Amino acid sequence: MNDAHDDARTERPLDKSDVPAWLSLRADIEAVDRTGHHRDADDLAEELADPKLDLAADTLAVFDGDQLVAYAILHTPEGAVDAARFDGDAGVHPAWRREGIGARLVEFLDQRAAVLHADRFASLEGRLMITGKSGDENLKALTDALGFEPERYWFEMSHPLQHDRPDPVPAPEGLRIVPYDESLEEATRLAHNDAFRDHWNFTVMDATDWRTWVTGSRSFRPEMTRLLVDGDEVAAYLIAEESDADTEAFGARDCHVGYLATRRAYRGRGAAPALMSATLEAAHQAGYDTASLTVDTANPSGALGLYERLGYTVAREFVTYGRSLG
């Protein structure tokens, strides 16, 4: 451990005024880790504005002198069903790694999660989760040392929109594909909660979370989003997103499929291929270069096979590590 670094180190919660320093730190981390995920200042400010995030208790900023060198944010699994899995978002500047800061971030996340678990989720198993890019040896060394085990693997998949788009797929009989409309927001949220209840780490999204993380997010693209409706009910839906920071970093526009799901009662009728083909064509017409999505490799609906048949290929792989609280 570098004693000079350690002597000058201080901690406090993140504050909205830290956004510029946090943005610089994340850029330095991404330059080494190359996850393909970029954020801009507005994205970070939006994250800190989450109405359910307690900045004073749920965040940690580590400074070496005046420089922000590490951060941690704990996201509480509101609406947890089978287990309370707390997601930890954390990062350490490459020049300050292997000095014990990563372990300190995990300690903070674990201690805060334990308090919330006892207060809100005592009847459920409590777990701390950390997700990172597969092959990240620093993260693997940290998680191995602290008793984490891989729990889930994820593929980030990409599809070029200039060619090889799937042929148009009609809506299932008796249903209609429509663009997103605000009048269907609540019906779409209810469809989400029904469609994902048999998926790993499902949490019920209330109206506040739905607005914060989905339709109210600055990445949400309603003009690319498609709904499959049965009268006033949303039978299936595809939520489209676009990251302005990624567009700037890569010099290309990507239409990201944030969510694609079908209510249980409507499965097996071709809803997902119909929605996907409609969105891919709309994105192509709107000038997007690629489409992307993230899929759980153990998804029980067979989504991985569907995406491969539609022309998506794996671009990156991520892993979620987990351990029991305490």
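In the context of the full set of protein chains, region 231-326 has a per residue accessible area of 41 Å² (1.4 Å probe).
Applying 1/(1 + (r/R0)^6) with r as the Cβ-Cβ distance of T297 and V204 and R0 = 25 angstrom yields a FRET efficiency of 0.55. Sorted largest first, the principal axis extents computed over the alpha-carbon atoms of the chain equal 68, 47, 33 Å.
Within the listed set L280, L124, L68, the residue fluctuating most in the Gaussian network model of the chain (springs between alpha-carbon atoms under 10 angstrom) is L124. Between beta-carbons, use under 12 Å as the cut-off and find the net charge around D232, counting Lys and Arg +1, Asp and Glu -1. Residues close to D232 contribute a combined charge of -3.
Spin-label model, A265 to A57: label points 7 Å out along the Cα-to-beta-carbon direction sit 3.9 nm apart. Counting DSSP beta bridges in region 1-134, what percent are antiparallel, to the nearest 5? Percentage antiparallel, nearest 5: 75. Each of A252, G88, A187 was scored by the projection of its Cα onto the charge dipole of the chain, and the greatest displacement toward the positive side belongs to A187; charges sit on the C-beta of Lys, Arg, Asp and Glu. By definition, a body whose alpha carbon gyration tensor gives a ≥ b ≥ c is oblate when a/c is 1.5 or more and a/b is not larger than b/c, and region 175-246 fits this oblate description. Mind running the shape call on region 193-326? Use the C-alpha gyration tensor, a ≥ b ≥ c as the square roots of the eigenvalues: rounded below 1.5 for a/c, prolate if a/b tops b/c, oblate otherwise. Rounded shape, in that the Cα axes give a/c under 1.5. Computed 3J(HN,Hα) for region 275-283, one whole-Hz value per residue from the Karplus formula 6.51 cos²θ - 1.76 cosθ + 1.60 where θ = phi - 60°, is 5, 5, 5, 5, 6, 4, 5, 5, 5, glycine and proline marked x. Among A103, V115, L55, pick out the residue whose Cα is farthest towards the positive end of the charge dipole of region 37-122, where Lys and Arg carry +1 and Asp and Glu carry -1 on C-beta, about the Cα centre. Of A103, V115, L55, it is A103.
Here the chain is treated with +1 on each Lys and Arg Cβ and -1 on each Asp and Glu Cβ, and its dipole about the Cα centre works out to around 860 debye.
Full extension of the chain segment joining A252 with K140 gains 37.2 nm, where the gain is 0.36 nm per residue of separation less the Cα-Cα distance.
Hey, in the GNM for the chain with a 10 angstrom Cα cutoff, which one of T215, T247, T188 fluctuates hardest? Judging by the Gaussian network model, the answer is T247. Near the amide H of R98, within less than 5 Å, lie no amide hydrogens of residues on another chain or at least 5 residues away, with H placed in the peptide plane.
Note on region 169-267: with neighbouring protein chains present and a 1.4 Å probe, carbon and sulfur make up 48 percent of its accessible heavy-atom surface.
Label sites at K16 and H37, each approximated as a point 7 angstrom past Cα along Cα to Cβ, lie 2.4 nm apart. Taking 0.36 nm per residue of separation and subtracting the Cα-Cα distance, full extension of the segment from E223 to E78 would add 49.3 nm.
Summarising the label geometry, the points placed 7 Å from Cα in the beta-carbon direction at R176 and E149 lie 5.1 nm from one another. Less than 10 Å Cβ to Cβ from G174, Lys/Arg counted +1 and Asp/Glu -1: what total charge do the surrounding residues give? With Lys, Arg at +1 and Asp, Glu at -1, the net is 0. Ligands, DNA and RNA left out, the accessible area of region 268-326 computed with a 1.4 Å probe is 47% carbon and sulfur. Computed extension length for E308-Q162: 50.8 nm, one decimal, from 0.36 nm per residue of separation with the Cα-Cα distance subtracted. Classify region 73-167 as rounded, prolate or oblate from the Cα gyration tensor: take a ≥ b ≥ c as the square roots of its eigenvalues, call it rounded if a/c is under 1.5, otherwise prolate when a/b beats b/c and oblate if not. Oblate is the answer for region 73-167, as a/c is 1.5 or above yet b/c matches or exceeds a/b.
Of K140, K133, the order by accessible heavy-atom surface (1.4 Å probe, DNA, RNA and ligands excluded), from most exposed downward, is K140, K133.
For region 1-136, the share of accessible area belonging to carbon and sulfur comes to 49 percent (1.4 Å probe, ligands and nucleic acids excluded). Residues considered: V214, V257, V178. Largest GNM mean-square fluctuation over the chain, using C-alpha springs under 10 Å, is found at V178.
The values are calculated or read from the model by the stated rules, or taken from the named source; none is laboratory data. Bear in mind the structure is a predicted one, so any value in this text is a computation, not a measurement. FYI the Cβ positions are ideal-geometry reconstructions off the backbone, even for glycines, and counts take in every protein chain you see. Keep in mind that these areas ignore ligands, DNA and RNA; they rest on the heavy atoms of the full protein, side chains included. Shrake-Rupley method; radii C 1.70, N 1.55, O 1.52, S 1.80 Å.
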